[in-house]
Amino acid sequence: MKLSDSTRARVIGRAEPGTAVSSLPLMGCRVRAGFPSPADDHLEAEINLHEHVVKRPAATYFVRAEGDSMLGDGIHDGDLLVVDRSLEPLPGRVVVIALEGEPTVKRLARCGGEVWLVASNPRFAPIPLAGRECHVWGVVTHVLHALPGGER
């Protein structure tokens, strides 16, 4: 995709160091992850990332992930998780949960009438919740991570 200098300046932004940016440009086209095609050379609107990922501000918080147990769900060590406390922790959802006082992020699963925490990395065994003290801290709604070579 070839952008004009004026479009590139709007995409990159010119915020002064140490200042908060409330919204950033949103391209008026989608970026193909497959075979490249010609793209529009204009911006559709500005996007506030916070407004995009936080649907219920009073019930939402951010937390950093640690470890590699959720790699299969695209959650890497150091990623920023967006967690919504108002969503119901249903089987199949990725949750932040305090298990015997220790916070962790895992997928909830129901098997044979029992509830389990399941990692998405096969090196980690499922954890049964029966008879354990646990408190769900919320459902993960978004994951933000840098790609290799990106800033963190």
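Read-outs: derived from the displayed coordinates by stated rules, not from any lab. Computed from a predicted model, the values in this text were never measured in an experiment. Here the Cβ is made from the backbone with ideal geometry for all residues, glycine too, and neighbour counts use every protein chain on show.
Close amide H contacts of Cys134 (hydrogens built in the peptide plane, cut-off under 5 Å, sequence separation of 5 or more or a different chain): Glu100.
Computed across segment 42-135, the Kirkwood radius stands at 14.8 Å (inverse of mean 1/r, all Cα pairs). Across segment 54-69, rounded Karplus estimates of 3J(HN,Hα) from the backbone phi angles (6.51 cos²θ - 1.76 cosθ + 1.60, θ = phi - 60°) give 10, 8, 10, x, 5, 10, 10, 9, 10, 8, 8, 7, 9, x, 10, 6 Hz, Gly and Pro being marked x. Electrostatic bookkeeping for Phe124 treats Lys and Arg as +1 and Asp and Glu as -1; over the other residues with beta carbon under 13 Å from its beta carbon, the sum is +1. Around the amide H of Asn121, modelled in the peptide plane, lie the amide H atoms of Leu71, Gly72, all under 5 Å away and 5 or more residues distant in sequence or on another chain.
For segment 117-125, putting each phi into the Karplus relation 6.51 cos²θ - 1.76 cosθ + 1.60 with θ = phi - 60° gives couplings of 9, 10, 7, 9, 10, x, 6, 10, 6 Hz, in residue order, rounded to whole numbers and with x for Gly and Pro. Could you tell me the distance between the Cα centroids of segment 112-152 and segment 38-108, to the nearest Å? About 11 Å separates the Cα centre of segment 112-152 from the one of segment 38-108. Each principal axis of the Cα atoms in segment 40-94 has its own extent, and those three values, largest first, are 40, 26, 20 angstrom.
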